[in-house]
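Novice: Handing you this structure, nothing more for now.
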Amino acid sequence: MHRRAFTSKNVVLPDAKSPQPATIVTDTETGKIVDIIPLYQARDGLEDVEWVDCGGSYILPGLVDAHVHLNEPGRTDWEGFWTGTRAAASGGVTTVVDMPLNSIPPTTTKENLDIKRKAAQGQCWTDVAFWGGLIPGNEHELVGMAAEGVKGFKCFLIDSGVEEFPCVQPDNVKNAMTNLKESESVLLFHAELESDHVHAAAKPGADPTLYSTFLESRPPQLETDAIGLVVALQKAHAGPLRCHIVHLSAASALPAIRAARKAGLNLTVETCFHYLVLASTDSIPDARPEFKCCPPIRTAENRDALWEALRDGTIDFVVSDHSPCVAELKRLDEGDLMQAWGGISTLGLGLNLLWTEARKRGFGIGDVVRWTSQATAKHASLEGRKGFIKVGWDADLVVWDPEADTLIGKDALLFKNKLSPYEGMHVKGEVLQTFVRGSLVWSKHEGGFIQKTPNGILI
Ligand SMILES: [Zn+2]
């Protein structure tokens, strides 16, 4: 066995309150962790191994970004496996879980899953897993797709923005729940719902370049109504099947989520970096569609309540919802927020963004790792392999400096369309190296990507 040992004074191990000295021994052939010794430079018996000595830099488990739109095949001018996973690796993300929509075809049948896997083959710099999609009429496909390795199924309760991925009706959800009831799968909901009383539309005559116009067009009630419907359907039809709310923005939905959990429902919730870092009341300029996403980024007060929900565990974890498009669709020239594509580009920036805000609020790096690696890996059924530094698990490791001052410049945006609300922002933290299954993929001080060809696998 050829072994490589990673050693640091600050390793973020599972369940540890703070980083600890440790030496992580890996098998270079399998890419697995074979031993963890709770000492810095534990050289006894390891004379013949290759050493990666990180000194005081932190070693974290690689991030698992469980909500990413890579858009390939079909909308490869928006993003792609190659560019998306390179952006991910540069920011310490070692696994991305791709969303079923915005690619053409969407991942809604076994055949379409095969098409997507073929498109991804040989192009991924991180490991990649896939969500499937639930649309009206494909409920009978779900069990078969789950058997093929799809981690769960996403659906929309409101127009998705692309015609090949229509939103579902309650009956479709009921059928899906009935079919998946006995499985280990999960149903993911884009939780915004229009009703006779509330529509996703701007007030007549309102200026479409004002952020407030857009914000008022997607009121919190769209989210609270949708979550009310999900909870009612889950209670009636889902049995033990887990349901999951993607990208929660409206803090006003938190009481309903807490009540549903208290009543015993297997319901989980994610929020995104942008809802925790940005706020309409202090950091969003008008006429800047880079800041547009659905549901929208709300007030600072709302943001504080989301942080409290992370603290008390109501929100389980944090993802990017990286959802780019080509520049023309962002309508940067007109700054028309109502017409622009909704989606924020974040892939690879999340760790430092979240850390910058989390440390101000008294959280430690262990919390950030729990929200971005451990809980997201569990969510995407990657337990046993990803998200934790543990013996027998994949050696997905990030060497990271928590104290570095980093300016997010255009050169840091490695995704295809270099438009992001974070450009020009100063953050704390810098990813120095990213190892996927024990091999060095990306190294800050060695000029970026180390290997000539990507070695990510599809899982
Ligand atoms: Zn999304």
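Novice: With the checklist (1) touching a residue at least 60 places away in the same chain (Cβ under 8 Å); (2) closer than 27 Å to GLY335 by Cβ; (3) within 16 Å of the ligand (Cβ to nearest atom) in hand, flag the one item ASP159 doesn't pass.
Specialist: (1)
Per-residue answers, yes or no, for (1) among the polar types (S, T, N, Q); (2) modelled with pLDDT of 95 or more; (3) within 30 Å of ARG3 (Cβ to Cβ):
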{"residue": "ASP405", "(1), (2), (3)": "no, yes, no"}
{"residue": "ALA412", "(1), (2), (3)": "no, no, no"}
{"residue": "VAL427", "(1), (2), (3)": "no, yes, no"}
{"residue": "LEU432", "(1), (2), (3)": "no, yes, yes"}
{"residue": "PHE435", "(1), (2), (3)": "no, yes, yes"}
{"residue": "GLY438", "(1), (2), (3)": "no, yes, yes"}
{"residue": "VAL441", "(1), (2), (3)": "no, yes, yes"}
{"residue": "GLY448", "(1), (2), (3)": "no, no, yes"}
{"residue": "GLN451", "(1), (2), (3)": "yes, no, yes"}
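Novice: Another question, if that's okay. Which condition number in (1) over 18 Å from THR376 (Cα atoms); (2) assigned to a helix (DSSP H, G or I); (3) of a type in the set (A, V, I, L, M, F, W, C) is the one that TRP78 fails?
Specialist: (2)
Novice: Go through ARG86, ARG3 for me and flag whichever is of a type in the set (D, E, K, R) and closer than 13 Å to GLY438 by Cα. Walk me through how you get there before you give the answer.
Specialist: Values: ARG86 fails: closer than 13 Å to GLY438 by Cα.
Selected residue: ARG3, the only one of ARG86, ARG3 that is of a type in the set (D, E, K, R) and closer than 13 Å to GLY438 by Cα.
Novice: Just need a number here: residues in region 250-277 that are hydrophobic (A, V, I, L, M, F, W, C), assigned to a loop (DSSP other than H, G, I, E, B) and either modelled with pLDDT under 95 or surrounded by fewer than 22 Cβ atoms within 10 Å (Cβ to Cβ) (or both). Even if it seems obvious, please write down each step before you answer.
Specialist: Of the residues in region 250-277, the ones hydrophobic (A, V, I, L, M, F, W, C) are 250-251, 253-254, 256-257, 259-260, 263, 265, 267, 269, 272-273, 276-277.
Next, from what is left, pick out any that are assigned to a loop (DSSP other than H, G, I, E, B): 250, 263, 265.
Among the residues that remain, those that are also either modelled with pLDDT under 95 or surrounded by fewer than 22 Cβ atoms within 10 Å (Cβ to Cβ) (or both) are: 263, 265.
Matching residues across region 250-277 total 2.
Residue-wise test of (1) more than 23 Å from the chain's Cα centre (by Cα); (2) not hydroxyl-bearing (Ser, Thr, Tyr).
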| position | (1), (2) |
| --- | --- |
| ARG3 | yes, yes |
| LEU39 | yes, yes |
| VAL49 | yes, yes |
| TYR58 | no, no |
| VAL68 | no, yes |
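Novice: If you scan region 165-191, which residues turn out to be more than 16 Å from ASP98 (Cβ to Cβ), within 15 Å of the ligand (Cβ to nearest atom) and more than 19 Å from the chain's Cα centre (by Cα)?
Specialist: Of everything in region 165-191, just one residue is more than 16 Å from ASP98 (Cβ to Cβ), within 15 Å of the ligand (Cβ to nearest atom) and more than 19 Å from the chain's Cα centre (by Cα), namely CYS167.
Novice: Another question about this same structure. Looking at this structure, is SER320 within 16 Å of the ligand (Cβ to nearest atom) and in contact with a Gly (Cβ under 6 Å, 6 or more places away or on another chain)? Walk me through how you get there before you give the answer.
Specialist: Numbers: within 16 Å of the ligand (Cβ to nearest atom): yes; in contact with a Gly (Cβ under 6 Å, 6 or more places away or on another chain): yes.
For SER320, the condition - within 16 Å of the ligand (Cβ to nearest atom) and in contact with a Gly (Cβ under 6 Å, 6 or more places away or on another chain) - is met.
Novice: What number of residues within region 196-231 are over 17 Å from MET338 (Cα atoms), charged (D, E, K, R) and modelled with pLDDT under 95?
Specialist: Adding up the residues that qualify gives 1.
Novice: Starting from residues that are touching a Lys or Arg at 6+ places or on another chain (Cβ under 8 Å) and assigned to a loop (DSSP other than H, G, I, E, B), keep the ones in region 112-145 and report whichever is surrounded by the fewest Cβ atoms within 10 Å (Cβ to Cβ).
Specialist: It comes out as TRP131.
Novice: If you don't mind, another one. Report every pair of residues separated by at least 6 positions or lying on different chains whose Cβ atoms are under 7 Å apart, first residue within region 307-328 and in contact (Cβ under 8 Å) with a residue 60 or more places away in the chain, second among the small types (Gly, Ala, Ser) and within 16 Å of the ligand (Cβ to nearest atom).
Specialist: What qualifies is VAL319/ALA66; SER320/GLY350; HIS322/SER345; SER323/GLY343; PRO324/GLY343; PRO324/SER345; CYS325/GLY343.
Novice: I need the full set of residues from region 151-203 which are hydroxyl-bearing (Ser, Thr, Tyr) and not in a loop (DSSP other than H, G, I, E, B), in order please. Give the steps one after another, and end with the answer.
Specialist: Of all residues in region 151-203, those hydroxyl-bearing (Ser, Thr, Tyr) come to 160, 178, 183, 185, 195.
Within region 151-203, just THR178 meets the criteria.
Novice: Can you name the condition, by its number, that ALA226 falls short on among (1) crowded, with 20+ Cβ neighbours inside 10 Å; (2) touching a helix residue (DSSP H, G or I) at 6+ places or on another chain (Cβ under 8 Å)?
Specialist: (2)
Novice: Next question, about the same structure. Just to check your reading of the model, which residue among LYS416, LYS428 is more than 13 Å from GLY91 (Cβ to Cβ) and part of a loop (DSSP other than H, G, I, E, B)? Quick ask: steps written out before the conclusion?
Specialist: Values: LYS428 fails: part of a loop (DSSP other than H, G, I, E, B).
It is LYS416.
Novice: Restrict the check to region 394-403 and report whether at least one residue is touching a residue at least 60 places away in the same chain (Cβ under 8 Å), under 21 Å from the mean Cα position of the chain (by Cα), away from the ligand (no atom under 16 Å from the Cβ) and on the phi > 0 side of the Ramachandran plot.
Specialist: Step one: list which residues in region 394-403 are touching a residue at least 60 places away in the same chain (Cβ under 8 Å), which gives 394-402.
If we keep only those that are under 21 Å from the mean Cα position of the chain (by Cα) too, we end up with 394-400, 402.
When the remaining residues are screened for being away from the ligand (no atom under 16 Å from the Cβ), the result is 394-400, 402.
Pick out the ones that are also on the phi > 0 side of the Ramachandran plot and you get none.
The answer is no; no qualifying residue exists.
Novice: Quick check on this structure: which one of GLY91, GLY137, GLY62 is away from the ligand (no atom under 16 Å from the Cβ) and either hydroxyl-bearing (Ser, Thr, Tyr) or at positive phi (or both)?
Specialist: On the way: GLY91 fails: either hydroxyl-bearing (Ser, Thr, Tyr) or at positive phi (or both); GLY62 fails: either hydroxyl-bearing (Ser, Thr, Tyr) or at positive phi (or both).
Exactly one of GLY91, GLY137, GLY62 is away from the ligand (no atom under 16 Å from the Cβ) and either hydroxyl-bearing (Ser, Thr, Tyr) or at positive phi (or both), namely GLY137.
Novice: With GLY45, GLY55, GLY80 as the choices, which residue is surrounded by fewer than 17 Cβ atoms within 10 Å (Cβ to Cβ) and closer than 28 Å to LEU353 by Cβ? Full working, then the answer.
Specialist: Working: GLY45 fails: closer than 28 Å to LEU353 by Cβ; GLY80 fails: surrounded by fewer than 17 Cβ atoms within 10 Å (Cβ to Cβ).
So the residue among GLY45, GLY55, GLY80 that is surrounded by fewer than 17 Cβ atoms within 10 Å (Cβ to Cβ) and closer than 28 Å to LEU353 by Cβ is GLY55.
Novice: Filter region 94-126 for residues that are within 16 Å of the ligand (Cβ to nearest atom), of a type outside the set (Asp, Glu) and under 14 Å from the mean Cα position of the chain (by Cα) and give the result.
Specialist: VAL96, VAL97, MET99, PRO100
Novice: For the condition more than 16 Å from the ligand (Cβ to nearest atom), under 13 Å from the mean Cα position of the chain (by Cα) and either on the phi > 0 side of the Ramachandran plot or not in a helix (DSSP H, G or I) (or both), what is the one hit in GLY348, GLY384? Give the derivation first.
Specialist: Values: GLY384 fails: under 13 Å from the mean Cα position of the chain (by Cα).
Among GLY348, GLY384, only GLY348 is more than 16 Å from the ligand (Cβ to nearest atom), under 13 Å from the mean Cα position of the chain (by Cα) and either on the phi > 0 side of the Ramachandran plot or not in a helix (DSSP H, G or I) (or both).
Novice: In this structure, is ALA300 away from the ligand (no atom under 16 Å from the Cβ), surrounded by 17 or more Cβ atoms within 10 Å (Cβ to Cβ) and over 17 Å from the mean Cα position of the chain (by Cα)? Quick ask: steps written out before the conclusion?
Specialist: Details: away from the ligand (no atom under 16 Å from the Cβ): yes; surrounded by 17 or more Cβ atoms within 10 Å (Cβ to Cβ): no; over 17 Å from the mean Cα position of the chain (by Cα): yes.
So ALA300 fails the test.
Novice: Follow-up. I'd like to verify a number: residues in region 421-443 that are surrounded by fewer than 21 Cβ atoms within 10 Å (Cβ to Cβ), under 30 Å from THR30 (Cα atoms), touching a residue at least 24 places away in the same chain (Cβ under 8 Å) and not aliphatic (A, V, I, L, M), how many?
Specialist: Final tally of qualifying residues: 2.
Novice: Could you list all residues from region 229-249 that are away from the ligand (no atom under 16 Å from the Cβ) and either part of a loop (DSSP other than H, G, I, E, B) or crowded, with 16+ Cβ neighbours inside 10 Å (or both)?
Specialist: Just the residues of region 229-249 that are away from the ligand (no atom under 16 Å from the Cβ), to begin with: 229-243.
Of everything in region 229-249, those that are away from the ligand (no atom under 16 Å from the Cβ) and either part of a loop (DSSP other than H, G, I, E, B) or crowded, with 16+ Cβ neighbours inside 10 Å (or both) turn out to be LEU229, VAL230, VAL231, LEU233, GLN234, HIS237, ALA238, GLY239, PRO240, LEU241, ARG242, CYS243.
The values are calculated or read from the model by the stated rules, or taken from the named source; none is laboratory data. Keep in mind that what you see is a predicted model, and the values were worked out from it rather than measured. Cβ: placed from backbone, ideal geometry, glycine included. Neighbour counts: every protein chain shown.
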